1. Which of the residues spanning region 1-31 are under 16 Å from MET42 (Cβ atoms) and of a type in the set (A, V, I, L, M)?
2. Can you tell me which of LYS81, LYS43 is outside any loop (DSSP other than H, G, I, E, B), within 12 Å of the chain's Cα centre (by Cα) and either surrounded by fewer than 19 Cβ atoms within 10 Å (Cβ to Cβ) or outside the structural domain of THR179 (by TED's automatic domain parsing) (or both)?
3. Any idea which of ASN124, ASN169 is at pLDDT below 95 and either polar (S, T, N, Q) or over 18 Å from CYS31 (Cβ atoms) (or both)?
4. Just checking, does region 179-189 include any residue being in a loop (DSSP other than H, G, I, E, B) and at pLDDT below 95?
5. For region 161-179: of the residues being closer than 30 Å to SER71 by Cβ and of a type in the set (A, V, I, L, M, F, W, C), which is surrounded by the fewest Cβ atoms within 10 Å (Cβ to Cβ)?
6. Inside region 215-260, can you point out the residues that are among the aliphatic types (A, V, I, L, M), part of a helix (DSSP H, G or I) and at pLDDT 95 or above?
7. Anything in region 237-256 that is touching a residue at least 60 places away in the same chain (Cβ under 8 Å) and under 17 Å from LEU217 (Cα atoms)? List them, or say none.
8. For region 1-41, what are the residues that are of a type in the set (Asp, Glu) and under 20 Å from GLU55 (Cα atoms)?
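The values are calculated or read from the model by the stated rules, or taken from the named source; none is laboratory data. These figures come from a predicted structure and were not determined experimentally. Cβ coordinates were reconstructed from backbone atoms using ideal geometry, including for glycine residues, and neighbour counts include every protein chain displayed.
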Amino acid sequence: MKRIAIQGIIGSFHDMAAHLYFEGEQIQLVCCATFEEVFEHMKQDPTMIGMTAIENTIAGSLLHNYELLRSSGATVVGEYKLHISHCICCLPDDSWDTITEVHSHPVALMQCRQFLAQHPNIKNVEGEDTAGSAKDIKEHQHHGWAAICSAEAAKLYGLKILEDHIEDNKHNFTRFLVTCQPQKADFLRPLEKANKASLVFSLPHEEGSLSQVLSILSFYKINLTKIQSLPVIGHEWEYLFYVDVTYNSLTRYRQAVDAIMPLTKELTVLGEYREN
C-alpha cells in the first residue's frame, strides 16, 4: 500500500488527484493542513509520497510550493492534470435566501469571482481547504453558511448543492506533482519512460545569460513548456529559474543539461518523469 501525503482532507481536490493518479492501486492518505506538513512527512518517512498542487490555469503558479520543493530535496516522479469544477453548497434546510457567507480556499474563491460578484450580499471567507469548508459546515451545523468545493465533497458531507459548475472558466485545470525521496524514485517511475523534466537554476547577473541557456535547449531540440522566475532572498536582482522541459531522447536531454551547466551558477534536476 502506498502512503500519500496531501494538503487538505478527504474529498479535497488533492484527494481526487491522488486516487486518479494511482488508480487501481491501494493507497492510504495522510491529510495535512499545510504544504509544509506534506514535505515534512516525506522528510520524516522515506517511504512517504507527496501530492502537491503546483499551478492552475486560472490562478497561476503556487510560488511557495516551488521553494518548498527545491529546499526539500524531494524528487518529482510524476504529474497529474485535474479538471477543476466547483459547486456552492449548504445545509439541506438553507437556501439562497438564507446564505450570508461563503467559505472556501482562497484559490477556489478566486476561480469563482464572476459568479460571486453576482451575489454581492454574500461575504467571502477564506479557509484552509475546499472540502474542509464543507465538512466544517456539516459538523458544526453552520446555518447561513455555504461552501465552494467539488460536487463529490458536497455529497460526501451531506450538503445540498445550490449550483454546480460555478467556476469562471470551464477550462480550469490544476497540475499536481507527485514527489518522493530520491532513493524511492526508481520504484515509482521507469526512467526509460520519462519524457519530461523539471529543473531549477540560477544565473550570473550578466547580459544575455538566460538567452544563452534557452538557445542551447533549442539546439538540442528540448521543448520548453514552462519557465517561472523567483527572486533569491537576500540577493538583490538575482533569480532562480524553474523550468519544465519535454524531450524525445533521454540522451539528447542529458547532453543539453551538461551543456547548460557551465553557464549556470547552480543547477538542480528536480525530477524526470512521464508527461501527463
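1. ILE4, ALA5, ILE6, ALA18, ILE27, LEU29, VAL30
2. LYS81
3. None of the other options fit; the residue is ASN169.
4. yes
5. PHE173
6. Within region 215-260, ILE216, LEU217, ALA256, VAL257, ALA259, ILE260 qualify.
7. TYR242, the sole residue that qualifies.
8. Within region 1-41, ASP15, GLU36, GLU37 meet the criteria.
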